[in-house]
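S.K.: Sharing a structure with you now.
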Amino acid sequence: MSLCGQKINLRALEPEDLDFLYQIENNEAFWEVSHTQTPFSKYILKQYLENTHLDIFEAKQLRLLIEEKSTKKQIGMIDLFDFNPSHKRAGIGILIHPDFQQNGFATEALSLLINYSFSILDLHQLFANITSDNSKSISLFTKHNFKKVGIKKDWILSEGKFKDEILFQLIKD
């Protein structure tokens, strides 16, 4: 299967993921990368989970749960967003819960999703938007051959200060 790796599986969100999703979406430390400004209720997240059955071609996005293979523990999420089938491109974002970082899970998840995007979805390119101070994400994406193609100056307002956002792009060979 294209979404199964050595240490992790990428899988669709299930109703039993509600508590994990609630914890992640309401963690203010992640709001900058998710462009969130207010907390989500369990009611809203439950409605979201009820609609995750929509196909990527219909929803224009795909959110997958990153699950540790051996324990079936939820460790993060990886998304395709701004999916544009006409131009064969999508944005990609990844979040690993802090308790599970530095274990190679993000590297494996990104590899799996890149392969899935190019071989199954037949995309031509993926892009990522990363703030200039997010060295872990910059390292992760450049390790997967994403190239820096531009800088959006003063793009993200965070804690009263503007940050640049770097646009990275990976074009299928």
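S.K.: Give the residue, chosen from Ser117, Ser132, that is within 18 Å of the chain's Cα centre (by Cα) and open to solvent by 30 Å² or more (accessible area, probe 1.4 Å). Step through it out loud before you land on a result.
M.R.: On the way: Ser117 fails: open to solvent by 30 Å² or more (accessible area, probe 1.4 Å).
None of the others qualify; the one that does is Ser132.
S.K.: Please state which one of Leu157, Leu123, Leu167, Leu95 is closer than 28 Å to Lys72 by Cα and either loosely packed, with under 13 Cβ neighbours inside 10 Å or not hydroxyl-bearing (Ser, Thr, Tyr) (or both).
M.R.: Working: Leu157 fails: closer than 28 Å to Lys72 by Cα; Leu123 fails: closer than 28 Å to Lys72 by Cα; Leu167 fails: closer than 28 Å to Lys72 by Cα.
Only one candidate qualifies: Leu95.
S.K.: Are there any pairs with C-beta distances below 8 angstrom linking a residue in the stretch 1-24 that is touching a residue at least 24 places away in the same chain (Cβ under 8 Å) to a residue that is open to solvent by less than 90 Å² (accessible area, probe 1.4 Å) and among the aromatic types (Phe, Trp, Tyr), with the two at least 6 apart or on different chains, and if so which?
M.R.: Going by the 8 Å Cβ cut-off, the qualifying pairs are Ser2/Tyr116; Leu3/Tyr116; Lys7/Phe105; Ile8/Phe105; Leu10/Tyr116; Leu21/Tyr48; Ile24/Phe30.
S.K.: Same structure again: Name the residues in the stretch 1-57 that are charged (D, E, K, R), more than 19 Å from Phe83 (Cβ to Cβ) and at pLDDT 70 or above, would you?
M.R.: Lys7, Glu14, Glu16, Asp17, Asp19, Glu25, Lys42, Lys46, Glu50
S.K.: Among residues belonging to the stretch 57-92 that are of a type in the set (A, V, I, L, M) and open to solvent by 20 Å² or more (accessible area, probe 1.4 Å), point out the one that is farthest from Leu126 (Cα to Cα). Working first, answer last.
M.R.: Pass one, the stretch 57-92, residues of a type in the set (A, V, I, L, M): 59, 62, 64-66, 75, 77-78, 80, 90, 92.
Retained after the next criterion (residues that are open to solvent by 20 Å² or more (accessible area, probe 1.4 Å)): 59, 62.
Values: Ala59: 17, Leu62: 13 Å.
In this case the residue turns out to be Ala59.
The values are calculated or read from the model by the stated rules, or taken from the named source; none is laboratory data. The structure presented is a predicted model; accordingly, all values stated were derived computationally and were not measured. Positions of Cβ are backbone-derived with ideal geometry, glycine not excepted, and every protein chain shown enters the neighbour counts. Heavy atoms of the whole protein, side chains included, go into the accessibility calculation; ligands, DNA and RNA do not. Shrake-Rupley method; radii C 1.70, N 1.55, O 1.52, S 1.80 Å.
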